[in-house]
Every structure is written in C-alpha cells, then in structure tokens.
1. Could you tell me which residue out of B:Gln136, B:Gly171, B:Ile161 lies farthest along the dipole of the stretch B:128-206 toward its positive end? Charges go on the beta carbon: Lys and Arg +1, Asp and Glu -1, centred on the Cα centre.
2. How big, in percent, is the set of alpha carbon pairs in chain B lying more than 26 Å apart?
3. Relative contact order, percent, of chain A when contacts are C-alpha pairs under 8 Å separated by at least 6 residues?
4. Inside 10 Å of the C-beta atoms of B:193-199, what's the mean count of C-beta atoms belonging to other chains?
5. Pull up the cross-link candidates among the lysines for A:Lys145, meaning alpha carbon to alpha carbon under 18 Å and not fewer than 8 places away within one chain.
6. Rounded if a/c is under 1.5, else prolate if a/b beats b/c, else oblate: with a ≥ b ≥ c from the C-alpha gyration tensor eigenvalues square-rooted, which is the stretch A:1-122?
7. In peptide A:18-28, what is the residue-averaged number of other protein chain Cβ atoms found within 10 Å of each Cβ?
8. Please work out the Cα center distance from the stretch B:124-151 to the stretch B:157-193, rounded to the nearest Å.
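Read-outs: derived from the displayed coordinates by stated rules, not from any lab. Remember, it's a predicted structure, so these values are computed and weren't measured experimentally. Every residue, glycine among them, receives a Cβ derived from its backbone with ideal geometry; neighbour counts consider all protein chains shown.
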There are 2 protein chains.
Amino acid sequence: MKINNDSNTEKSILEAAERLFLQKGFSLTSTTAIGKEAGCNQALVHYYFRTKERLFEAVFENKFRLFVSGLVQKVDSGLSFEEKLRTAIEAHYDMLAANPGIPFLIFNELTTNPRRLENFKSRIRELPVTVLKQFQKELEEEIKKGKVRPVAPVDLLLTIISMNVSLFLVGPVIKTALDLSERDYKKLLESRRSENVAVILRSLRP
Amino acid sequence: MKINNDSNTEKSILEAAERLFLQKGFSLTSTTAIGKEAGCNQALVHYYFRTKERLFEAVFENKFRLFVSGLVQKVDSGLSFEEKLRTAIEAHYDMLAANPGIPFLIFNELTTNPRRLENFKSRIRELPVTVLKQFQKELEEEIKKGKVRPVAPVDLLLTIISMNVSLFLVGPVIKTALDLSERDYKKLLESRRSENVAVILRSLRP
DNA sequence: ACCTTATTTAATAGCTCTATTAATTTATAA
DNA sequence: TTATAAATTAATAGAGCTATTAAATAAGGT
C-alpha cells in the first residue's frame, strides 16, 4: 500500500485553500473552487479535511499565529525604549508586508462569525502576559522620566495596530482607486513603513 | 387603486436590509433573512427591489455617500490650519461613530467584489478636486512656513483614514477580546476621539 | 357594486454548495 | 503476481439561496 510519505496532494489543497481564503474569505470560497485551484476533485478536499470548516481552521490557525508572533516578540533589551519600539513596529509591519492578506482574513472572519470571535477571545487570554507587563512598565518609566507624554498602553497599542494593520486593509482599495502600478504601490507601501514609525514616535513626544 | 403614498413596507425592507448588510455583508445576508427581519415575505423583497444586488446598491450608495461627505467637507476658513485639521478629523470621526458599520461594509465589499471596486474607482474621480487641491496647497504653505514637518498630502490623508477608520474596523473585535461592557467600550471610543487628533497633530510637528 | 391596479403570499424552478457514498485506480508489501 | 490499503473520481442526496410566476387579497376610483 502507499504510505503517507510525501502526500503532495494534501499540501497543495492546503495551499490552494490558503490563497483563496485570503482572497475571498470563508463564505465566498467553495470547496469546489479549492479543488479546482489545487488541481483535483472537490471530493478530495473533503477526503483530506472532512469539512470546509476544518480546512479553514487549519489556515486560520496558521495565519493567526503569524499575526500574533509578529506583534508580540522579544526585542534586544540593550536598546533604548524608542529603539525597541521602532524595532517592534517595523517587525510588525514586515510580517504584514510578507502576509498582506492576513488582516483581511482575520478581521473579516472575526466580524462576521461570532463563533470564531469567541474562540479568539480565549486565545487572547493565552497570550504571554509578561511581554505586555514589561511593555507597560517600560512605558510608564519613560513617562515618569518625562521622555514620553502621558499615554495609556492600550492607546499606544491601538495606534500601532491601527497604523500598520489598516494600511494592509485599505491598501488594495487605494491601489485600485488611484490606479497605481504594481511598482508604485510597492513604493507607497515601502514609504509607509518609515512613515508609520515616524507618526507613532512623534505622537509620543512630550 | 392604492397609490404609492406612504408605502411603509418598502421602507422597512430597506431598513432591514441596511441592518443586516452592515452586520454580515452582502453574501452572508439572504433575501429570506431580509424579508423575515422586515416582517414580510421574501418574495416581497424582490417585488420592491427586483434583485438582491439592486437592494444592496441602494444601501451601499447611501452609506458610501455618508462616508465621503464625512471626509470631504467645508470647514470654517477663518480657522488656523491646525484648527481646520482638528475639525475635519473630528467630523470624520463623528460620522463614523454615528455609523460604525460603514467601514466594514465598504471595505469588505470592495475587497471581495472586483466589480464594486471598479465602480468605486470611477466614483473617486468625481470627487470635488478643489477641496483636495486646497488641502494640498495649505499643507505645502504650512510646511514652507516651517510650522509642519515635510509630509506628502497622501501620507497625511492615509494617516487620518487609518486612525479613524481602523478604530471602527477593529473596535468590535477589541470589545469582545477585552470583554468590555457597552459602557467601557463607549468610553474607549470617546477617548480615542481626542487621542486620534492628538496623534495626528503631533505627527505633523516639525 | 364593480372594475382596476397595487400589494402580498405560496409555490416552485433552477442553481450552487457541502458532504457522503460507492466505485475505480494506484501503489506497495508480501 | 496478488492481496490490501490508500488515493482519487463520479454521482448524488439534501439543503439553502435567488428569482419568477400565478394566484389571492386589499384598496381606491367611478
């Protein structure tokens, strides 16, 4: 019999699903389309993943982990607060630039599917609290030292997420609306990388 | 015969559609559900609007106009540049706060439906150019005067949109994730109103 | 009262989608 | 080579959705 050594098919189904889900979201993607994109029968999609839901979860889980890991990660502790912040923002941005479909997938699914949102809530609780506590502590110290204006940690976080995430949510619309070439769009994104950092750091000045 | 004087039904169908489309988007809302929500037969939805698509367009058109009017509007020309900017940002914010479902509706539909995106493109061209030109001119003057750091108009616009729009895109997720009460959520939104202005104005300091 | 037109409903055609099942092909171990 | 299990396909059940149609009801004008 054939053992499941390098089952190419399962992988290509997963990849096809990934592409389509990122493009169209869950409900607008049919298993038929996934099969076609993967170059196989639609029944095979169900053979490997049983339900569309399970397949989606495999993709979502994966993307969600990426999204979070881009947000919460260790930065070199030898740096100044400002440098740490810059590094974190840029890392977050870079993760999104490498996976520009993630914001759409996550926000679309979380806002339209209550069950997924509940699931998300429990995920949030599992986040490494220490990283956040540390962030909060350092921010408060900077404020005490007068190097940063008084600002709530949640506000700073929201600002960072707003600036980075929304760029990739709104980006495709901007691209079409302004009729940007692929090249010009790339340039716009690239320029926003430093612009985002600039806006956020300036917003912290006392 | 009955003339179409105060046909209550058509209106309640439109309102029901509005609620559901804003909540779930186009594809996840069925005309059956719209009929139910409006308290009538599903066939009646088609009787008044012929197709789901036309009904959606009636809603979308309406919401889109709101969205744009909140963005591009005359402000008192006696004010300083900073005050004008503050007024515009707050007006934009207020429009979104009054219609928090709009960003989801617009971005969801524009990213999943290419036809609608094309339509959107032609709409953009019809925007009052004078307002934008004026904005650009005033910004450049402020930069020349050294009161504002050098920044491209498109960057400033993107920042404003990012800060305001993304708040209402991400908001519902934040609310659930952090388990905020209705009251606390309102408070968060309210505090972001001034925080957004603060971030944007600070980001312009030379 | 009667005719005409508007409103509303029930029924259904026709489509697409998910998931399953039974049958077929492929690969491999013995 | 043959038996066996995995991989793949074709077919289809069953559900939901949009849109239409024909019939029923309401309402107003004359």
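1. Positive-end residue among those listed: B:Gln136.
2. On the way: 9845 of 21115 pairs.
Looking at chain B, the distances longer than 26 Å represent 47 percent of pairs.
3. Working: 135 pairs, mean separation 40.0, N = 206.
In percent, rounded to a whole number, it is 19.
4. Details: counts 0, 0, 7, 5, 0, 5, 12.
Mean inter-chain Cβ contacts per residue within 10 Å come to 4.
5. List returned: A:Lys84, A:Lys137.
6. Because a/c hits 1.5 or more and a/b exceeds b/c, the stretch A:1-122 counts as prolate.
7. For peptide A:18-28, the averaged partner shielding equals 2.
8. 28 Å
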